[in-house]
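The values are calculated or read from the model by the stated rules, or taken from the named source; none is laboratory data. Since the structure is predicted, the reported quantities are computational estimates derived from the model, not experimental observations. Here the Cβ is made from the backbone with ideal geometry for all residues, glycine too, and neighbour counts use every protein chain on show.
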Amino acid sequence: MSCVSASTRRSVTDDLAQEIRQLKEKIGATILAHYYQDGEIQDLADVTGDSLKLARAATRVDSPVIVFCGVHFMAETAKILNPTKRVLLPDLEAGCSLAESCPADKLARYQEMLRLNGRRFQTVTYINSTAATKALSDWIVTSGNAEEVIRRVPPDVEILFVPDKHLGAYLQEVTGRKMILWDGACIVHEIFSVQDLLKLKKQYPQAKTIAHPECPANIREHADFIGGTENMLKYIGRFAEPTDFLVATEANMMWQMQSRFPQHRYHPVPGITCACNKCPHMARNTLEKLRDCMVNLAPEIHWQPEFDQAKKVLERSLLPTAPQAPAPVGD
Ligand code: SF4
């Protein structure tokens with residue numbers, strides 16, 4: 001019985017995938033998918049990647065439509081970097097706990113308070129933020145380029161890092177720059193259980209532990225490697241012999257690891273409250289919604305007034321050819 005229902009599900013998935021491929025041709029779309037999307041969505045994408053890779057890929061798309069399988073701030077970024085394209089997001093409600101933790105009005109008030117106190121600072125903002133928050137920033141970083149960008153901030157200027165306090169703390173450790181940290185966190189990376197990680201380490205004593213820098217220090221301190229998703233893949237690629245990896249990041253990332261390096265074994269580090277570690281925001285995008293957005297050409301990301309300023313900040317931060325550092329602010 002369960003066999004029949006599994007094969008029925010497979011056939012529905014295959015039909016949907018076929019329909020999506022046909023729609024892609026019909027409307028002239030390029031599908032960009034984040035590594036945290038379900039494997040069946042990543043399978044249909046033209047490009048898969050982390051935020052940085054996808055943001056850069058968006059600038060090279062030559063089809064008229066970009067379908068962004070990820071969360072809202074990512075689709076917004078694709079639109080900002082590529083304003084002439086129609087950018088579709090399968091579910092407009094796909095948000096992000098980090099982006100929500102740092103609304104633009106709250107950030108503007110905090111910056112104003114620092115200025116009134118005579119502090120000279122630049123605002124370095126993680127890409128997991130709204131366009132309005134990006135527009136108030138001097139730099140945008142991803143987990144892939146944060147160290148490099150932070151080293152470009154003049155040493156006599158303070159850094160206000162928003163919104164991820166764990167990534168900010170990690171960057172303080174690796175760059176030696178003291179920062180003012182915003183109090184935001186990712187709901188997925190914040191809840192890994194250190195007790196369960198230690199149990200797994202006992203069970204697989206030869207295993208390598210890899211952790212995303214959005215994880216808190218109590219997880220990072222047990223890791224053999226800390227890095228964003230793209231760097232995790234590079235790290236795993238260095239191991240030729242079959243190896244066990246204990247993985248402290250969003251669970252769908254293991255689909256990508258398994259596809260590229262099938263000789264290894266991957267063990268998810270469980271969360272305190274939930275064993276699956278899947279991002280509920282990313283999970284809002286489904287094959288059905290992907291198909292529907294291509295049929296309806298909606299939901300679409302429309303240009304907003306704050307996109308103009310966010311574009312300048314994004315371009316000088318993320319695009320390798322973009323010029324010049326901003327002047328320090330706060331005085
Ligand atoms: S995994 Fe965390 S940071 Fe990434 S989209 Fe989900 S809530 Fe945001």
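Tyr266 passes every criterion in (1) within 16 Å of the ligand (Cβ to nearest atom); (2) in contact with a Phe, Trp or Tyr (Cβ under 8 Å, 6 or more places away or on another chain) apart from (1).
Among the residues that make up region 183-194, is at least one of them touching a Leu at 6+ places or on another chain (Cβ under 8 Å) and more than 16 Å from the ligand (Cβ to nearest atom)? No.
For region 28-46, the count of residues that are within 16 Å of the ligand (Cβ to nearest atom), free of Cβ contacts under 8 Å to residues at least 40 places away in the same chain and closer than 28 Å to Met232 by Cα is nonzero. Checking each residue in region 81-128 for being of a type outside the set (Lys, Arg) and within 19 Å of Thr59 (Cα to Cα) picks out Leu81, Asn82, Pro83, Thr84, Val87, Leu88, Leu89, Ile127, Asn128.
Looking at the structure I just gave you, is Ala207 touching a strand residue (DSSP E or B) at 6+ places or on another chain (Cβ under 6 Å), modelled with pLDDT of 95 or more and within 14 Å of the ligand (Cβ to nearest atom)? Answer is no for this residue.
For Ser11, indicate whether it is part of a loop (DSSP other than H, G, I, E, B) and more than 23 Å from Cys276 (Cβ to Cβ). Taking the combined requirement at face value, the residue does not satisfy it. Going through (1) within 16 Å of the ligand (Cβ to nearest atom); (2) touching a residue at least 60 places away in the same chain (Cβ under 8 Å); (3) touching a Lys or Arg at 6+ places or on another chain (Cβ under 9 Å) one by one, His281 falls short only on (3). Taking the conditions (1) among the polar types (S, T, N, Q); (2) within 16 Å of the ligand (Cβ to nearest atom); (3) in contact with a helix residue (DSSP H, G or I) (Cβ under 6 Å, 6 or more places away or on another chain) in turn, Ser97 satisfies each one other than (3).
Entry remark, region 284-295: residues being in contact with a Leu (Cβ under 9 Å, 6 or more places away or on another chain) and over 19 Å from Phe73 (Cα atoms) number 5 in total.
When Gln172, Gln203 are checked against the criterion of being free of Cβ contacts under 8 Å to residues at least 60 places away in the same chain and either in contact with a helix residue (DSSP H, G or I) (Cβ under 8 Å, 6 or more places away or on another chain) or within 30 Å of Arg265 (Cβ to Cβ) (or both), a single residue qualifies: Gln203. Name the helices (runs of 4 or more DSSP H) wholly within region 15-98 that hold at least 2 residues that are farther than 24 Å from Asp308 by Cβ? Of the helices (runs of 4 or more DSSP H) lying wholly inside region 15-98, those with at least 2 residues that are farther than 24 Å from Asp308 by Cβ span 39-42. The set of residues from region 167-201 being touching a Lys or Arg at 6+ places or on another chain (Cβ under 8 Å) and under 26 Å from Thr273 (Cβ atoms) comprises Tyr170, Leu181, Trp182, Asp183, Gly184, Ala185, Val188. Scanning region 132-166 for residues that are of a type in the set (S, T, N, Q) and buried (at least 22 other Cβ atoms within 10 Å of the Cβ) yields Thr133, Ser137, Thr142, Ser143.
Tally up the residues in region 51-64 that are crowded, with 19+ Cβ neighbours inside 10 Å and more than 17 Å from Thr130 (Cα to Cα), please. The qualifying residues number 4. Screening Glu112 with (1) out of contact with any Gly (no Cβ under 9 Å at 6 or more places or on another chain); (2) surrounded by 23 or more Cβ atoms within 10 Å (Cβ to Cβ); (3) without any contact (Cβ under 8 Å) to a residue 60 or more places away in the chain gives one miss only, at (2). From the set of residues in region 166-182 that are away from the ligand (no atom under 16 Å from the Cβ) and in a loop (DSSP other than H, G, I, E, B), which is nearest to Ser317 (Cα to Cα)? Checking each candidate, the answer is Arg177. For Ile180, indicate whether it is within 26 Å of Gln304 (Cβ to Cβ), in contact with a strand residue (DSSP E or B) (Cβ under 9 Å, 6 or more places away or on another chain) and either surrounded by fewer than 17 Cβ atoms within 10 Å (Cβ to Cβ) or at pLDDT 95 or above (or both). For Ile180, the condition - within 26 Å of Gln304 (Cβ to Cβ), in contact with a strand residue (DSSP E or B) (Cβ under 9 Å, 6 or more places away or on another chain) and either surrounded by fewer than 17 Cβ atoms within 10 Å (Cβ to Cβ) or at pLDDT 95 or above (or both) - is not met.
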